Amino acid sequence: MRRYPRIRWLMIVFCFFAIAINYIDRINLAIAAPHIKADLGLDDTSMGLVLGAFFWTYALMQIPAGRLIDRLGARAGLALAVGWWSLFTVFTSFGKGFTSLFAARLALGIGEAGGNPGCVKVVYSWFAKKQRATASGIFDAGPRAGSALALPLVAWLISTWDWETSFVVTGALGLVWVAIWLVFYREPEDMKGLDEIERQNLLEDRAAPVIEGNAKVDLWSLFRHRNVWGMMIGFFCMNFATYFFVTWFPTYLTVAHGFSLKELGTLGAIPALMGIPGSLLGGVTSDALYRKGFSLTTARKTCLVLGMLLSSVIAFAAFTDSIAVILTLFSITYAGLAFTAANIWTLPADVAPASNYVATLGGIQNFAGNLAGIVTASFTGLMLSLSHGSFVVPLLVAGGICVLGALTFLFVLGKLEPLPITTTRKNPVVATAK
């Protein structure tokens, strides 16, 4: 049985905390939104634009961030990303109107664009194919943990001090992470003290080749492949529902169902907490199916489709006022989304044409997925304005798009294998992964 270094689990735990902080720093505005609206006199449409501003730069910077991380490596790339978004989280506290808040959130999105592509790179570097879904499930539990922690933490900071303080404190968390990351993280090639057999096993298990010399994969050629579009459309559908939680869910609970800050920080955190086991289960299930002899394609697609179908129950929340039923439906939805996401984040490593394009594909996939953030935030704000505060249409649309996502993963996503290499130079030098 091949041996792998145990320290790889520490590396993915670092990623878990990075993405947890990532979500704390993006969801804190959603929690503070009612207080910011009252303090600064913003209406629902303006608040929807501010909530959605982050996603414009977050989506647009995904591909550049992925390319940068492939070039810099995960250590420098993630440190730069987390440090950048943490500083602009702190700067949000100085927002005194629509323009300054909108600008701060645009800047936040630039830094946060590097989070998930960087973690995908860590998974590729430190984990064999048969463990990548489990590792992805661990780091992708970060959004659920971050969302769950943000609710009581930010609610407590606002109730104890003010909304400005909540941004200073949550931003400081990321700066502490950067310092610890730079001390401990190294690539397997550079990590001192590793057993040489374990190190070599890791390097040999990297499925994609490395293209050396001046040759590069033609970036735009990646968009010619059916699997890339399946990844992008499926991720868009998953994130349409996911970002309802990140943007309007706290307002939904406080405005539509009269939650206090205390209830928001306790009962409101339940769906996000259910996402943590959902994410871990999604990764473990996929890897278990693969180890039992199912093809990689069957293992991944089974979990992707099942998770999206479970998530579609969000639509039924439009037909009930029972808090218990609503929290149950949202818990199932969040768990289903997390189950799906653990497998989505294995796809870049599963299909990358070369090892130095893993984070790039992660960025391409996440670019499409986060266009949903723009649509969800703005569409929900517009529907609230037109319907005088009703969440019925946003919930029904979210459920329908979850079903569309399941169909996309079933029929558009094809066999999962490395994409054919198309380079910008004839006769490139292609080497095995190092």
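Of note:
- Test result for residue 20, open to solvent by less than 50 Å² (accessible area, probe 1.4 Å), at pLDDT 85 or above and within 13 Å of the chain's Cα centre (by Cα): yes
- Some residue of region 167-182 being out of contact with any Ser or Thr (no Cβ under 6 Å at 6 or more places or on another chain), within 24 Å of residue 35 (Cα to Cα), touching a residue at least 12 places away in the same chain (Cβ under 8 Å) and aromatic (Phe, Trp, Tyr): no
- Restricting the first member to region 16-35 and to residues that are part of a helix (DSSP H, G or I), and the second to residues that are of a type in the set (Lys, Arg), no beta-carbon pair is closer than 6 Å while six or more apart or on different chains.
- When each of 354, 338 is tested for being at pLDDT below 95, among the aliphatic types (A, V, I, L, M) and in contact with a strand residue (DSSP E or B) (Cβ under 6 Å, 6 or more places away or on another chain), the lone residue that passes is 354.
- All conditions but one from (1) free of Cβ contacts under 8 Å to residues at least 24 places away in the same chain; (2) buried (at least 19 other Cβ atoms within 10 Å of the Cβ); (3) farther than 30 Å from residue 55 by Cβ apply to residue 202; the one that does not is (1).
- Among the residues of region 281-289, not a single one is farther than 18 Å from residue 346 by Cα and open to solvent by 70 Å² or more (accessible area, probe 1.4 Å).
- Some residue of region 147-154 being surrounded by fewer than 23 Cβ atoms within 10 Å (Cβ to Cβ) and either of a type in the set (S, T, N, Q) or over 18 Å from the mean Cα position of the chain (by Cα) (or both): yes
- For region 298-312, the condition holds for no residue, the condition being that it is basic (Lys, Arg) and surrounded by fewer than 19 Cβ atoms within 10 Å (Cβ to Cβ).
- At least 2 residues being of a type in the set (D, E, K, R), at pLDDT 90 or above and open to solvent by 10 Å² or more (accessible area, probe 1.4 Å) is the threshold, and among the helices (runs of 4 or more DSSP H) wholly inside region 98-141 not one reaches it.
- The number of residues in region 134-173 that are aliphatic (A, V, I, L, M) and more than 21 Å from residue 82 (Cβ to Cβ) comes to 3.
The values are calculated or read from the model by the stated rules, or taken from the named source; none is laboratory data. Source: prediction; values computed, not measured. Backbone-built Cβ (ideal geometry, glycine too); neighbour counts: all protein chains shown. Surface accessibility is based on the protein's heavy atoms, side chains included, excluding ligands, DNA and RNA. Shrake-Rupley method; radii C 1.70, N 1.55, O 1.52, S 1.80 Å.
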